[in-house]
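Below is one structure; the comments refer to it alone.
The values are calculated or read from the model by the stated rules, or taken from the named source; none is laboratory data. Here the structure is a predicted model, which means the values were calculated and not measured. Cβ placement follows ideal geometry from the backbone for every residue including glycine, while neighbour counts extend to all protein chains displayed. The protein model used for the area step is the full one, side chains on, heavy atoms only, and it has no ligands, DNA or RNA in it. Shrake-Rupley method; radii C 1.70, N 1.55, O 1.52, S 1.80 Å.
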Amino acid sequence: MWTVPNVVTFFRVALIPVFVSVYFLEWEWANELSAFIFWFAAITDWFDGYLARKLKQTSAFGAFLDPVADKLIVAAALLMVTHMYSSAMIAIPAIIILMREIYVSALRELMSQQGRSGDVKVNFIGKAKTMTQMLALIGLLSGLDSFMGFPIYWVFLGKVLLWIAAILSVWSMLIYSAAAWKTLKTFK
């Protein structure tokens, strides 16, 4: 259980209360620092997968823990940005993304119980959704539209990317559902 990749994943989970706490600090750069901590956690997601393959330390526990850590940190960030912006333009894609995460997690669990987990393994659209939502959340958490007087439009870009992530969420959910359909239609 205490392989290097799993320790990195546990560290990512431990960052969740840190980045949420920093976000709520009454400090001028709190949003930017929480966005940085979220970015750092997102990078560790790639890093633990790389280490698992490189060190040949893949495990069933790691395969379970990694997506759970991802969903926890993304859910926390989505709740924070809906709080920050109090807008339907943020809440609607956030709800779509959260619904997709719950649905796909349940679908993967069901398919695993049927011995068909390979049918719903991560695909390119799912990875594109993850990358897009991470970039969107970093931009939205930062709250930056300018830096040192120069326009950077991170918030605007974050809003656009959040909607793209929501569209990719629905698309990937449909792909996973189609892949599982043969198994699902045998249930009575």
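Below, the figures for the structure above:
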| item | result |
| --- | --- |
| Long-range HN-HN contacts of Thr3 with modeled amide H, under 5 Å | none |
| Of (i) 1.40; (ii) 1.09; (iii) 1.01, the label for Cα Rg over 2.2 N^0.38 Å derived from the coordinates | (ii) |
| Radius 14 Å from Cβ of Gly158, net charge of other residues (Lys, Arg +1; Asp, Glu -1) | -1 |
| Karplus-derived 3J(HN,Hα), 6.51/-1.76/1.60, for each residue of region 42-57, Hz, glycine and proline x | 5, 5, 5, 4, 5, 5, 5, x, 4, 5, 4, 6, 5, 8, 6, 10 |
| Interchain or long-range residues, amide H under 5 Å from Tyr153's placed H | Ser146 |
| Whether region 2-78 is rounded, prolate or oblate, judged on the alpha carbon gyration tensor where a/c under 1.5 counts as rounded | prolate |
| Val170 versus Glu109: modelled label distance in nm, points set 7 Å from Cα along the beta carbon direction | 2.6 nm |
| Dipole magnitude of the chain, debye to nearest 20 (Cβ charges: Lys/Arg +1, Asp/Glu -1, about Cα centre) | 1040 debye |
| Ala30-Val68 FRET efficiency (beta carbon distance; Förster radius 35 Å; 0.05 resolution) | 0.85 |
| Listed residues Asp48, Asp145, Asp119 arranged by accessible area, highest first, probe 1.4 Å | Asp145, Asp119, Asp48 |
| Per residue accessible area of region 1-154, 1.4 Å probe, in Å² | 56 Å² |
| Protection proxy ranking of 159-168, 176-185, 54-63 - average other beta-carbon atoms within 10 Å, highest first | 159-168, 176-185, 54-63 |
| Whole-Hz ³J(HN,Hα) from phi, Karplus 6.51 cos²θ - 1.76 cosθ + 1.60, for region 34-39, glycine and proline x | 5, 5, 5, 5, 4, 4 |
| Accessible surface of region 45-188 [probe 1.4 Å, protein heavy atoms]: carbon and sulfur percent | 71 percent |
| HN-Hα J in Hz across region 164-169 - Karplus 6.51, -1.76, 1.60, θ = phi - 60°, x for Gly and Pro | 5, 4, 5, 5, 5, 4 |
